[in-house]
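Just below is one structure, and these are the notes that go with it.
The values are calculated or read from the model by the stated rules, or taken from the named source; none is laboratory data. Remember, predicted model here, so these are calculated numbers, not experimental data. Here the Cβ is made from the backbone with ideal geometry for all residues, glycine too, and neighbour counts use every protein chain on show.
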Amino acid sequence: MDDESLDRQREQAREIRAEILSGAKNKTLGCLGYLLGGFLGALLLTTLFSPWAFYIGGHFSPATSWEGTGTVKSSTGASYGLYLKLAHYSARRSSRNLSGTALLCTPKGETFQYNVYGWIEHAWLYTEGKHTKLDLWKVKGAPIDTSLHFQGDWQHGTLVLSDNGSMGKPFRKDGSVQAKGVYSANPIKDERADVSVSYGNKFDFDELCTNEIMKR
C-alpha cells in the first residue's frame, strides 16, 4: 500500500472518530438537559404547591429534608431513642407528602431500622402547628416486625407525637422486643407513649442511645 492510500485511510479514520465523539457529546448534553429540566420542573412544583418543604420544622431545608433526634417514653416506664430523617414526597395518586427513614434504639441495646411514610396535613407555607402522621414500617428482610405508628403536631420546631398503643405490640414493658413482634399474642393493654423529636443528626442519636437510653 502506497503512502497516499495510507494517508487517505488515516484521514477517513479521523473523520469517523470525530463523528462518534460529536454524537456522544450531543447525547450527553441532551441527557443532562433532560435531567436539568426535570429537576427545575420538580423544584417549581414544590415551590408552588408545597413551599413548607423548604422550611421544615422551623429550619431552612433547601434539600426539602429534615432530620431529628428524640425520645419515646412509654407509660410502662421504658424509654427509647428515636432518629428520623424525613423528606418531602410528591407522587400522583398519593395522599402522603413525607417519606424517609428512622432508627429506634431500646434500653436493651437493640436498634431497629424503618422506612417512614407520612403526612403533614393542611401545610402550605410552614409546618408549625400542623397535624402529622408517621408510619414506621420495618425494612425488607428484618427478622421481626416492630412497625410503629405515631401522630401529633409540630410545636416550636419539635415533633410532639403519641403512639396510640403501637409500642405495646412489638415491645415488652421493659423495652425488650416480643419474640413475634407486632404479631405477639400478648400486647400491653392500654400502653401509651409520648414522642418528642427535635432537630438533630445521627451523631446526636448515637450519643443519646449510648449515654441515656442504655444506661437506665
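Observations, loosely collected:
- Conditions (1) part of a loop (DSSP other than H, G, I, E, B); (2) at pLDDT below 95; (3) out of contact with any His (no Cβ under 7 Å at 6 or more places or on another chain); number of the one not met by residue 164: (3)
- Residue tally, condition farther than 27 Å from residue 143 by Cβ and surrounded by 13 or more Cβ atoms within 10 Å (Cβ to Cβ), over the range 173-191: 0
- For the range 84-110, the candidate set comprises residues that are modelled with pLDDT of 95 or more and touching a Leu at 6+ places or on another chain (Cβ under 6 Å); within that set, the residue that is nearest to residue 57 (Cα to Cα) is 86.
- Qualifying residue in the range 122-132 (condition: without any contact (Cβ under 8 Å) to a residue 60 or more places away in the chain, acidic (Asp, Glu) and closer than 30 Å to residue 51 by Cα): no
- If only residues of the range 112-142 that are over 18 Å from residue 196 (Cβ atoms) and among the acidic types (Asp, Glu) are counted, the one that is modelled with the lowest pLDDT is 121.
- Pick from the range 62-104, criterion within 16 Å of the chain's Cα centre (by Cα) and part of a loop (DSSP other than H, G, I, E, B), ranking: farthest from residue 203 (Cα to Cα): 91
- Filtered by the rule that a residue be in a loop (DSSP other than H, G, I, E, B) and touching a Gly at 6+ places or on another chain (Cβ under 8 Å), the range 105-125 gives 106, 107, 108.
- When the range 137-154 is filtered for residues that are within 15 Å of residue 84 (Cβ to Cβ) and outside any loop (DSSP other than H, G, I, E, B), the ones remaining, listed by number, are 137, 148, 149, 150, 151, 152, 153, 154.
- All told, residue 85 meets the bar of being of a type in the set (Lys, Arg) and either closer than 16 Å to residue 153 by Cα or touching an Asp or Glu at 6+ places or on another chain (Cβ under 7 Å) (or both).
- Condition broken by residue 109, with the remaining ones in (1) out of contact with any helix residue (DSSP H, G or I) (no Cβ under 8 Å at 6 or more places or on another chain); (2) of a type in the set (Gly, Ala, Ser); (3) in contact (Cβ under 8 Å) with a residue 24 or more places away in the chain; (4) surrounded by fewer than 19 Cβ atoms within 10 Å (Cβ to Cβ) satisfied: (1)
- Test set (1) modelled with pLDDT of 90 or more; (2) surrounded by fewer than 17 Cβ atoms within 10 Å (Cβ to Cβ) - residue 81 fails condition number: (2)
- Filter pass, residue 86 being in contact with a Pro (Cβ under 8 Å, 6 or more places away or on another chain), at negative phi and in contact (Cβ under 8 Å) with a residue 24 or more places away in the chain: no
- Within the option set 146, 127, being over 18 Å from residue 200 (Cα atoms), of a type in the set (Val, Ile, Thr) and in contact with a helix residue (DSSP H, G or I) (Cβ under 8 Å, 6 or more places away or on another chain) holds for one residue only, 146.
- Pick from the range 190-213, criterion part of a strand (DSSP E or B) and under 16 Å from the mean Cα position of the chain (by Cα), ranking: nearest to residue 105 (Cα to Cα): 197
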